[in-house]
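Written out below as structure tokens is the structure these notes cover.
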Amino acid sequence: MPERLEGLATTTQAITTDDRAVTPVVEKAVTLGIVVVFLGVAVSALYGGAVPEYRQATGAELGDRVLSRATVGVERAVPPPAAGASSSYRMSLPPTIRGSSYRLRGDGQSVVLDHPSDAVGGRAYPVFPARVVRVEGTVPAGRIVVRARQTSAGVVLSLEEGSS
Amino acid sequence: MDDDRRAASDWPLTGPRRAQTSLPALGLALLVVAVVTVLGLSMANGALLTADREPADTRTARSLADGLVARDSPLTDRGNVLERSRLDRVDASWLTDRYPAVDHARGVRVTLGSTELVATGPTTGGASFTRLVIVRSRETRTAEPPLSRTRSVTLPRRTRRATLRIDPPADASVVAVTAGDRPLLRDRQGLDGTYNINVSRFATTDLRIRGTGDLAAGDVVVTYPAIRTEKTTLRVTADV
């Protein structure tokens, strides 16, 4: 009996005063815990801040480019100055921006891109000769046709859906 | 090995230290991952910034440049030929009224050669497009040849018509007017009055006046539009 108690005392002393490392199981568990915490922090930081910001920026840039291309197309659709001349100009726009579809609208002297997200979209003013009166029409994204027709007031451009 | 066993009462300074040699390595690895992530983000940011092509600026400047020099521009009669008389009315308010794109842009600047025609606002960071143009100016010139010595007037190129006012005194008469050898006006009784003639615009025209008697300067007055053309560049800068 006294040897056992003595042994117990030395064991306790051994546990509380030695410098040995923890067992590998504990070591792996601690490592796993640290890595999981780090990943959690990193992923939440990225997806909470950086990733949505980049998605918004690229969506806005793409929206600007699509609007510019569409505006150039509307400008190109103006027929030459001859009485009774009409023309049509076809172009193909990307079907979605940032995963959502959008619409292109002719609003008098300007062309508007309507997109569900606020950051994407905008209004552009084409450069027209004096004989063009207005741009009108609303089309969904995809293949569109800009048709020009003569009216008594001048040339009217209308945006229409194009077929393939 | 002897100082491995220290008194328990000396904790935490000297108490049990569970050294774990793999944990610093883990910390270093996580630091490397974090640094690489930050580097990647900054590269992505840089790429996004350089990918901003400012399509609105480019489109507005190019369309405006093409629109001003086109055949149906308010400043031209022919493509790429600007009329000097119409350029005189180009100013900021005219450009803004005529083109809504200019009205809704932050700044547009139009420069002809080295002269600035219009500046509607700041154009730092905008896009520029240049077009080669010809500026055509017309002025009406009058020539009164001193008929005592020279009886000819040379009309420059690009002049296709002229007006002659012939008013000879009583004792003289103008019998014929020729362009080189080609007769334009002829009257044996004597020309008197105002006549319009057409000449070739591809070469200079040598008008020769044939008459009898004592003709003096002022008896024949030739009025013609002289056209001067000048090659220059039109530069449009737009910041939307």
query: What number of residues within the range B:19-68 are without any contact (Cβ under 8 Å) to a residue 40 or more places away in the chain and not in a helix (DSSP H, G or I)?
result: 6
task: Inspect all residues belonging to the range A:15-24 and state whether any of them is modelled with pLDDT of 85 or more and not in a helix (DSSP H, G or I).
output: no
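If you check residue A:88 against the conditions, is it outside any loop (DSSP other than H, G, I, E, B), surrounded by fewer than 16 Cβ atoms within 10 Å (Cβ to Cβ) and over 18 Å from the mean Cα position of the chain (by Cα)?
Against the criterion (outside any loop (DSSP other than H, G, I, E, B), surrounded by fewer than 16 Cβ atoms within 10 Å (Cβ to Cβ) and over 18 Å from the mean Cα position of the chain (by Cα)), residue A:88 qualifies.
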message: Looking only at residues that are surrounded by fewer than 13 Cβ atoms within 10 Å (Cβ to Cβ) and more than 30 Å from residue B:29 (Cβ to Cβ) in the range A:36-85, which one is modelled with the highest pLDDT?
response: A:80
message: Within the range B:98-111, take every residue that is crowded, with 20+ Cβ neighbours inside 10 Å and assigned to a strand (DSSP E or B) and give me the one that is nearest to the other protein chains (Cβ to nearest Cβ).
response: B:108
- request: Go through A:72, A:66 for me and flag whichever is in a helix (DSSP H, G or I), closer than 30 Å to residue A:151 by Cα and more than 20 Å from the chain's Cα centre (by Cα).
  value: A:72
query: Name the residues in the range B:151-174 that are assigned to a loop (DSSP other than H, G, I, E, B) and either surrounded by 13 or more Cβ atoms within 10 Å (Cβ to Cβ) or within 43 Å of the chain's Cα centre (by Cα) (or both), would you?
result: B:151, B:156, B:157, B:158, B:159, B:160, B:167, B:168, B:172
message: Tally up the residues in the range B:28-54 that are more than 8 Å from every other protein chain (Cβ to nearest Cβ) and loosely packed, with under 13 Cβ neighbours inside 10 Å, please.
response: 14
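The values are calculated or read from the model by the stated rules, or taken from the named source; none is laboratory data. Source: prediction; values computed, not measured. Glycine also receives a Cβ, built like all others from the backbone with ideal geometry; neighbour counts cover every protein chain displayed.
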